[in-house]
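Enquirer: Just passing along the structure, written as structure tokens.
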Amino acid sequence: METTQRSIANQTVSRRRLLITGGAKRVGAALAEHFAARGDDLVLHCHQSRDAAEQLAARLHAQHGTQVDIVVADLSDPESLPHFWDGVPPCHGFIHSAAMFERDTLSSMQAAQFQQQLQVNFTTPLVLAQGFMQQLPINMTDDGNIIILGDGVMGWSVSPEFFSYSLTKQAWLGALDVLAAACAPRARVNLLALAPTIPGVMDGPETFARIASLMPMQRTSDPQSVCDAAEYLLGARGVTGQVISLSAGAHLQSYRRGPTPPPIA
């Protein structure tokens, strides 16, 4: 493993390349589409969605000439992580989009289920960040970048009805500064706190409309907003250790009283 990392680190990278975990579907796939259109090369991680990843890779190569490598790994299995970066081309950025989202409460929580969500949502991205720093090309002229997608961090999905998930995501609020300090000055580390963005299997047809009606901005998020925020973080060289919330003002709810006031003319 050390020999592989050292040989990769001595390579020169002419085009920006980004690793996206969970890159075959949903928000991860939207990020892949966005950065391919911007001229970046990609490494897409998937687990049970290899067919979708290969189809996406073929489409991006045909449309944009994007070089796409695919990594298949079970992020809930710690034994699969030590060799994750073996053979992966040098990357400028690492975006952790993969997540495990299971419903439980304090009374129904099972230790094994909690540990599995902790692994995918918190421990695994830390281990992958370690490998990312080891493989950073020494000839890079820009900062490396780590972006954690932290839905459930700031008010949207933080709920005792999703007890384990909320705890594993909120752990990032305590760890972000430490990781950012550890990666400086070679890389910047930031977190995107997502709002509901794409309906999931637990969402009914009215779920997003109901959530939007409760928010100060009267909307949820969308994949393009996530892509725009990630693009900003990749280019904002003075920004590290920060949380950018896409929650449409969810944190302002405690200040609101009564009906939404009419717009100012």
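Bear in mind these aren't lab numbers, they're just calculated from the coordinates by the rules spelled out. These numbers were taken from a predicted model, which means no experiment stands behind them. Positions of Cβ are generated from backbone atoms using ideal geometry, with glycine treated the same way; all protein chains shown enter the neighbour counts.
Enquirer: What does the charge dipole of the stretch 2-247 about its Cα centre add up to, to the nearest 20 debye, if the Cβ of each Lys and Arg holds +1 and the Cβ of each Asp and Glu holds -1? Walk me through the intermediate numbers first.
Expert: On the way: 16 positive and 23 negative charges, 99 e Å.
Dipole about the Cα centre, nearest 20: 480 debye.
Enquirer: Quick one: order MET217, MET140 by neighbouring beta-carbon count within 10 Å, fewest to most. If you can, show how the numbers build up before the last one.
Expert: Details: MET217 12, MET140 16.
Sorted ascending by nearby Cβ count, the order is MET217, MET140.
Enquirer: Still on this structure, please answer the following. Between LEU252 and GLN218, what is 0.36 nm times their sequence separation minus the Cα-Cα distance? Round to one decimal in nm. Spell out each step's value before the answer.
Expert: Numbers: separation 34, 0.36 × 34 = 12.24 nm, distance 1.24 nm.
Result for the pair: 11.0 nm of gain on full extension.
Enquirer: What does the extension gain come out to for ASP51 and THR207, with contour length at 0.36 nm per residue minus their alpha carbon separation? Display every interim value, and only then the final one.
Expert: Numbers: separation 156, 0.36 × 156 = 56.16 nm, distance 2.95 nm.
Full extension of this stretch gives 53.2 nm more.
Enquirer: Can you tell me the dipole magnitude for the stretch 40-128 around its Cα centre, using point charges on the Cβ only (Lys, Arg +1; Asp, Glu -1), in Debye to the nearest 20?
Expert: Values: 3 positive and 11 negative charges, 41 e Å.
Dipole about the Cα centre, nearest 20: 200 debye.
Enquirer: Given H placed 1.01 Å from N in the peptide plane, which residues other than close sequence neighbours of ARG188 have an amide H under 5 Å from its amide H?
Expert: Amide H neighbours of ARG188: GLY144, ASN145, ILE146.
Enquirer: Can you list the residues, at least 5 places off or on another chain, whose amide H is less than 5 Å from the amide H of ILE95, using H built in the peptide plane?
Expert: It is LEU19, ILE20, THR21, ILE147, by chain and number.
Enquirer: Quick check: pseudo-label points 7 Å beyond the Cα along Cα→Cβ at ARG103 and THR141, how many nm apart are they?
Expert: Those two pseudo-labels are separated by 5.3 nm.
Enquirer: Follow-up. Subtracting the Cα-Cα distance from 0.36 nm times the residue separation, let me have the gained length for GLN63 to ARG38 in nm, one decimal. Display every interim value, and only then the final one.
Expert: Numbers: separation 25, 0.36 × 25 = 9.00 nm, distance 1.16 nm.
Stretched fully, the GLN63-ARG38 segment lengthens by 7.8 nm.
Enquirer: Still on this structure, I have one more. Among TYR165, TYR232, rank each residue by its count of other Cβ atoms within 10 Å, from fewest to most, as a rough exposure measure. It would help to have the intermediate numbers written out before the result.
Expert: Details: TYR165 26, TYR232 13.
Least to most surrounded, the residues fall as TYR232, TYR165.
Enquirer: Here is a further query. For the stretch 37-130, which trypsin sites (Lys or Arg not before Pro) are in a loop by DSSP, counting at most 14 other Cβ atoms within 10 Å?
Expert: On the way: sites: ARG38, ARG50, ARG59, ARG103; in loops: ARG38, ARG103.
Filter output for the stretch 37-130: ARG38, ARG103.
Enquirer: Separate question: Taking H as built 1.01 Å from N, whose amide H comes closer than 5 Å to the amide H of VAL71, not counting residues under 5 places away?
Expert: Close amide H contacts, sequence-distant or interchain: LEU44, HIS45, CYS46.
Enquirer: Could you work out how far apart the two model spin labels at SER80 and GLN242 are, taking each label as a point 7 Å from the Cα in the direction of the beta carbon, and quote it in nm?
Expert: Placing both labels 7 Å along Cα→Cβ, they lie 3.4 nm apart.
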